[in-house]
Amino acid sequence: MKRFSILVWIGLFLSCSLWIGCGASGPTDAEKEKAAAEKAAAELLKVEKGRAEALKAAVKGYETWGQHPKFKGIQKSTDGTHGAYVQVWMNDKAAAVMGKFSGTFPDGSIFVKRGYDDKEGKKPKDFITLMQKIKDYDKPNGGWFTLRIWDNDKNPLSGWAPDKKSGCIGCHSSAKEKYDYIRYLRDLKITF
């Protein structure tokens with residue numbers, strides 16, 4: 001009889017376990033949330049890659065663009081992030097507000113920065129970094145899309161981070177007030 005009771009209890013345990021396990025009606029709420037977040041991240045990355053490709057095309061020939069008169073040619077970097085020396089160009093939309101800057105750059109403004117290891121520019125870094133102002137893009141961070149383009153075209157989204165704060169905008173947010181995230185203006189106290 002003792003053996004029979006043990007077998008009955010084991011049978012009941014296994015039956016309940018199977019019933020509970022089989023009774024599950026699909027993924028849990030946490031699993032659904034994780035799947036939705038992964039899908040949203042994949043969609044966002046797809047959009048960001050498209051934006052990156054469009055920006056890469058838009059900056060072709062940037063070396064002929066204008067530079068701020070107080071920051072022309074290769075200059076000493078203020079923090080070394082992009083190299084010991086840097087050169088910054090801006091497109092016509094950004095340059096159009098020079099002398100009448102009211103605290104924000106117009107949509108479509110683009111800044112390009114090339115870093116160097118030397119003042120003469122004979123040892124350029126193997127990438128350029130870009131900032132583009134886009135209407136209705138990432139409003140909490142000024143609408144700036146940031147990107148690093150490597151000369152060999154690897155990893156074109158390296159300046160972008162889904163949380164924004166660990167990417168380029170994390171440092172540039174220190175120039176949010178008065179300089180609309182453009183750090184070299186803030187660092188050198190340049191009036192635009």
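The values are calculated or read from the model by the stated rules, or taken from the named source; none is laboratory data. Model, not experiment: these values are computed from the prediction. In this analysis, Cβ positions are derived from the backbone assuming ideal geometry, glycine residues included, and neighbour counts consider all displayed protein chains.
Could you check the stretch 170-187 and list, in sequence order, the residues that are free of Cβ contacts under 8 Å to residues at least 40 places away in the same chain and more than 16 Å from residue 68 (Cα to Cα)? 170, 173, 174, 175, 176, 177 - these are the residues of the stretch 170-187 that are free of Cβ contacts under 8 Å to residues at least 40 places away in the same chain and more than 16 Å from residue 68 (Cα to Cα).
Let's see how each residue does on (1) within 23 Å of the chain's Cα centre (by Cα); (2) at pLDDT 70 or above:
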| residue | (1), (2) |
| --- | --- |
| 22 | no, no |
| 53 | yes, yes |
| 56 | yes, yes |
| 66 | no, yes |
| 96 | no, yes |
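Restricting to the stretch 81-94, count the residues that are buried (at least 17 other Cβ atoms within 10 Å of the Cβ) and either in a helix (DSSP H, G or I) or not β-branched (Val, Ile, Thr) (or both). So the answer is 8. Considering the stretch 100-131, the residues that are of a type in the set (S, T, N, Q) and buried (at least 21 other Cβ atoms within 10 Å of the Cβ) include one that is farthest from residue 86 (Cα to Cα), namely 109. Just one of (1) farther than 19 Å from residue 91 by Cβ; (2) more than 18 Å from the chain's Cα centre (by Cα); (3) modelled with pLDDT under 90 fails for residue 153. It is (2).
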